[in-house]
Every structure is written in structure tokens, then in C-alpha cells.
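**Student:** Have a look at this one.
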Amino acid sequence: MTSIKEQAAISRLLSFLQEWDNAGKVARSHILDKFIETNQGKTAPELEQEFSQGASLFLVRLTTSLRITYVTDSCLEKLLRSIGIFLSAVSSNRYLIEFLEVGGVLTLLEILGLEKIKEEAKKESVKLLQVIANSGRTYKELICESYGVRSIAEFLAKSKSEETQEEVQVLLDSLVHGNPKYQNQVYKGLIALLPCESPKAQQLSLQTLRTAQSIIGTTHPSIVDCVLKVLGTMHLEVQYEAIELIKDLVGYDVRQALLKGLVALLIPSVRETSKLQAKILSDPSVLQLAPSLPMFLQQAAAAKAIGVLARNDMSIAEELLYLHVVHGLMAAMGNMDHSNSQRLASLTLECFVQMFPLVAEHVRKGMGEELYQLFLSNAEDLYMKLDNIQADILAANKVNVTKALRLHGSSYSTNILYGSHDSAQMAYLTHFEKEDVESKE
């Protein structure tokens, strides 16, 4: 037989549940406010004590209400926060299973895709998904099997709240850890986010991609083009993350494709420049937009990235010489329509000149003595001192360091770069000499 105290507690529980069942929207909102205020941070045993060992009876009412009313956004944020108290409580595995058995994951993912639901409610939905994902591998797999990666990634791209987007990043980071069955799915989802229009989403995706890349260990073929296109951003925080990812990617099998792509961006395609010229002829005011044109932003960012890579790794600097980087940097220095391209290309070229005497010799011949001395005196400010003739000399330069290296053979080129190398370095240089010859044939 139950004691009088236990009977009283059960009576209070039944009265509370009846009050919830009979309450309208306003009354339920007040009940939720009080529940959140008094039970935040409680453990599962404490919640059971609060509800006379019948906490699950209230949880099932919350989940039922969620499934019925989430489309109308009625008390949705408070409902999600209340469910979160159960799911995040210490020793709450039973509550988690009860929530999942009634389709909780699918409901949370559907909430993310509904436009009329408020951002705060969606953020609470993301937090609940975090709790579920952090509960173990099985639960991460359940989210992914429910097409969760796609829903979460799409929400990250569309969200207007940076705070919410940061919560989504935490969720994606959790899904890529300890989830071998679906980690590639998360990785591909992050790559698919790179072309989106949200700078914050791009920044967070790039950050998470670095983590995902180190976990997965292999690259997806599309990552090179996607990352290079991101360099056309006007947002420096996004550009920074893109260059950080590029620094990581040169350690994988996409290294050569990535370096070739960066060098190619130093000289915008004829097609793109022809389009710009046509627009300028029809509307001269277009010239004022040049600093924000993606092809020029890419050109400047590529020059910067090449400089970062060359300074960090001598073997990359050598490889870039075989990809005609010196010619490309000098051409970018002659782009009078984009001063930042000129400045960054000049600083990177200075790095190559200081590293390799052979480069210094060819740059001097290509520029002429007067311009070369200006360049040596202050590479960063050179663009402010250039006249149109000097800019044309740079833009139309025919400097070909690669040809000089190829003509004299690997032993000559290795020595003239900076002295003797070991046999492995010789083999490395010879490989790119042969590749360059094949590409010319």
C-alpha cells in the first residue's frame, strides 16, 4: 500500500496533468514558463522526484503537443526548451528513447525547413539535435539516416542569425566526429555549402571542413573548384578561412590541381575580361565596380594564398615556378583596375625574388632596370608609382622561368635556385620538368 505522502504526490501529478490537458494556448504557455523556471538543470532522478516518478507522462504530452502544433508555431520555443530539460538531464537515456520513438528527430528536422517558424524556435531545435547527436554514434546515424545532413546544411545557408548559424556549426562538427558510417555525407554537405550566398555560412563551413578533412583523410574532387570560387568573396573573414583550408589541402592528393588553379586565377580568362570590356563600353560607370568584381577579388586572393604557401613550404614554391607563377604574378601587378591585386601580387613576387636568384634575374630582365629598382625599394607601394606604360609592360610580360629551368636541365636548375639538394629533391624537380614539357607538347 502507498503511504499518505505518496498518494498526495500522485494526486498532485494527476492534477497537474489534468490542468495541462484542459489548458488553452495561454494557460499552457504559463505552465511551460513555470516548468522551465523550476526545472532547468535538474537530473533525471530529480525530475522523477518532482513528478512523483511520472515525469514521462508529462514528456509524452510535450512531444504530442510538439507534433500537433509545431506547424503553427504555438508556444514552440517553450515546448522545445521544456523537452530539452528532459533530454539534457543527467541519466536521461530513457527520456531520449521515448522522444525518438515518436519521431522526434524527424519533427526537429522538419522545423528547420519551415519558413514561417521563428528563428529562436529553430535554434532550440538545433540545440536538441546537438543533445541527440552527443548521445552517441547510434544517434548520429539516426539523424543522418533521416536526411538530417541535407536539412541542417540548407538551414545553415538560409539562416539570418549568426548566433543560430554557430549552433548549427557545433551540430555539424558533432556529426563528423565518431560517425564513420556517415562522416563522408557530412563532408560532402559542407562542400555543397561553399557556393551559398551567406558569408557566415561559408566561413563556418570552411572551418568545419578543415576538421572533417583531417578526420576523413581523402579529398572529394569538387573541393578544389569550390574553394577557389570562394576566393571571389568580398568578406575577408571568409577569404581567411578559405586560405587556411588551402594550406591544409596542399598536403593531400589535390595539391597539384589546387596550385594550378591558384596560378590560373592570377590572369583572368579572356572570356571574363572581354565581358568586362563590353560592359565598360556600354556603361562606363561599370568601371567603378571593378574592386568588387569576383574575378579581380579571386586574382588578389590567389596572389595572397600563393605567397602564404610559398613562405610556408619551399617545395611548394619550387613547384609553383614550374606552373609559371612568376609570369602570372607580374601580369597581376599590371592590373590597373584593381590595386589590391597589384599590391598582393607584388608582395608575393618579392618573396620569390628573395628566395630564388634565378627568379630575380628574369624579373629584372622582364621589368627593366628602372622598374625593377622601384620594385626592390618598396614592393608593397609599387602600384601607386606605376604609370600606364609600366603597367602594360607588367601585364604583357613574357617572363618564363620554367623555360629556363627546362632548357638547362635539372642539375643546373637545382644549383642555380639555391645550391645543391638531396636526391629526393632532385627527383621532385625533375618530375615537374617532365610534366611541364608534356603539357607544352
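**Student:** Run a plain Debye calculation on the chain (Cα atoms as equal point scatterers, no solvent) and give log10 I(q)/I(0) at q = 0.06, 0.10, 0.13 Å⁻¹, rounded to two decimals, same order as the q list.
**Tutor:** -0.41, -0.80, -1.07
**Student:** Can you tell which of SER88, SER341, SER135 shows the greatest fluctuation in a Gaussian network model of the chain with Cα springs below 10 Å?
**Tutor:** Checking each option, the largest mean-square fluctuation is seen for SER135.
**Student:** Quick one: how many Å² of CYS144 are accessible to a 1.4 Å probe, rounded to 10?
**Tutor:** 10 Å²
**Student:** Pick from THR138, THR219, THR233: which is most flexible by mean-square fluctuation in a GNM of the chain where alpha carbon atoms under 10 Å apart are linked?
**Tutor:** THR138
**Student:** Could you pull the Rg and Dmax for the stretch 115-172, using just the Cα atoms, both in Å?
**Tutor:** Rg, Dmax (Cα atoms, Å): 11.0, 32.
**Student:** From the Cα trace of the stretch 5-145, what convex hull volume per residue do you get, rounded to a whole Å³?
**Tutor:** 100 Å³
**Student:** Straight-line reach from LYS122: which aspartates and glutamates fall under 16 Å, measuring Cα to Cα and dropping same-chain residues less than 8 apart?
**Tutor:** ASP73, GLU77, GLU110, GLU154, GLU162, GLU163, GLU166, GLU167
**Student:** Please report the carbon-and-sulfur percent of the accessible area for the stretch 42-147; probe 1.4 Å, protein heavy atoms only, DNA, RNA and ligands left out.
**Tutor:** 51 percent
**Student:** For the stretch 1-123, build the charge dipole from Cβ charges (+1 Lys, Arg; -1 Asp, Glu) around the Cα centre, then report which of PHE58, PHE86, ALA121 sits farthest towards its positive end.
**Tutor:** ALA121
**Student:** For SER56, what accessible area in Å² do you get when you roll a 1.4 Å probe over the heavy atoms of the protein chains, rounding to the nearest 10?
**Tutor:** SER56 has an accessible surface of roughly 30 Å² with all protein chains in place.
**Student:** Can you divide the C-alpha Rg of the stretch 156-225 by 2.2 N^0.38 Å and report the result to two decimal places?
**Tutor:** 1.04
**Student:** For the stretch 109-251, what is the accessible area per residue in Å² when the probe is 1.4 Å?
**Tutor:** Dividing the accessible area of the stretch 109-251 by its residue count gives 43 Å².
**Student:** Picking from PRO221, GLN203, LEU236, whose Cα lies most toward the positive end of the charge dipole for the stretch 161-272 (charges on Cβ: Lys, Arg +1; Asp, Glu -1)?
**Tutor:** The residue sitting most towards the positive pole is PRO221.
**Student:** May I ask you to list the lysines whose Cα is less than 25 Å away from that of LYS127, ignoring any residue fewer than eight positions away on the same chain?
**Tutor:** Within the straight-line cut-off, LYS127 pairs with LYS25, LYS34, LYS42, LYS78, LYS116, LYS118, LYS140, LYS158, LYS160, LYS181, LYS188, LYS200.
**Student:** Could you give the dipole magnitude of the chain about its Cα centre, charging the beta-carbon of Lys and Arg +1 and that of Asp and Glu -1, in debye to the nearest 20?
**Tutor:** For this selection, approximately 660 debye.
**Student:** Return the whole-Å distance between the Cα centroid of the stretch 63-142 and the Cα centroid of the stretch 195-265.
**Tutor:** What the calculation gives is 32 Å, centre to centre.
The values are calculated or read from the model by the stated rules, or taken from the named source; none is laboratory data. The structure displayed is predicted, hence computed values, not measured ones. Note that each Cβ is placed from the backbone with ideal geometry, even for glycine, and that neighbours are counted across all protein chains shown. What goes into the accessible areas is simple: the full protein's heavy atoms, side chains included, and nothing from ligands, DNA or RNA. Shrake-Rupley method; radii C 1.70, N 1.55, O 1.52, S 1.80 Å.
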